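Working notes for the structure below.
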Amino acid sequence: MPDRELIDGLIATYRELNMRVRQLPEERMQQRAGDSGSIRDIVRRLRDDELRFSQALKERITGVPMPDIFGDDSPVLGTENPNDTTANLIAQFGTARESTLSLLQSLSEDDWTSASEGAKSIQQRIQELVANDRQQLQRINGLITAA
């Protein structure tokens, strides 16, 4: 069974996006703040990271090594639409996160903690994902409070 604290961390990200970000006016979410970009930019990045992670997890479970997805700026095919609102990006993030959580619930303890040929375990990858979520939420919170 996967680590409950990590699962709760994954759920908390989506919850915070819904409770704290979704309610903001779209114009506010698109305001740029220097090098930090906008709230919408950060949400888009969270969505893209989650889509890549979920796909990589599916591949890992089926025997394909999980690539490192953070820092990858390549497009996530089928998801790019410049007209999507931030609320739509949050919903897309939620769908991908739900897929990730569903995949994790099906893992045995051995699947959760084992690493093959120097690769990181799924547990280590989830720890990285939770840390990335927290970092991005801190950026969002900084932009919200700066206004």
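Key figures for this structure:
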read-out	value
Relative contact order of region 4-146, pairs being alpha-carbon contacts under 8 Å that are 6 or more residues apart, as %	34 percent
Mean Cβ count within 10 Å, highest first, over the residues of peptides 24-35, 46-57	46-57, 24-35
Entry for semi-axes √(5λ) of the Cα gyration tensor in Å (calculated from the structure that is shown) out of [x] 24, 19, 14; [y] 46, 19, 10; [z] 28, 15, 13	[z]
Value of [θ]222 nm, deg cm²/dmol, for the chain, DSSP H segments ≥ 4, -39500 (n - 2.57) each, nearest 500	-20000 deg cm²/dmol
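Readers should treat all values here as calculations from the given coordinates under stated rules, not as data from a laboratory. All values derive from a computational prediction rather than experimental measurement. We place every Cβ from the backbone using ideal geometry, glycine too, and count neighbours over all the protein chains shown.
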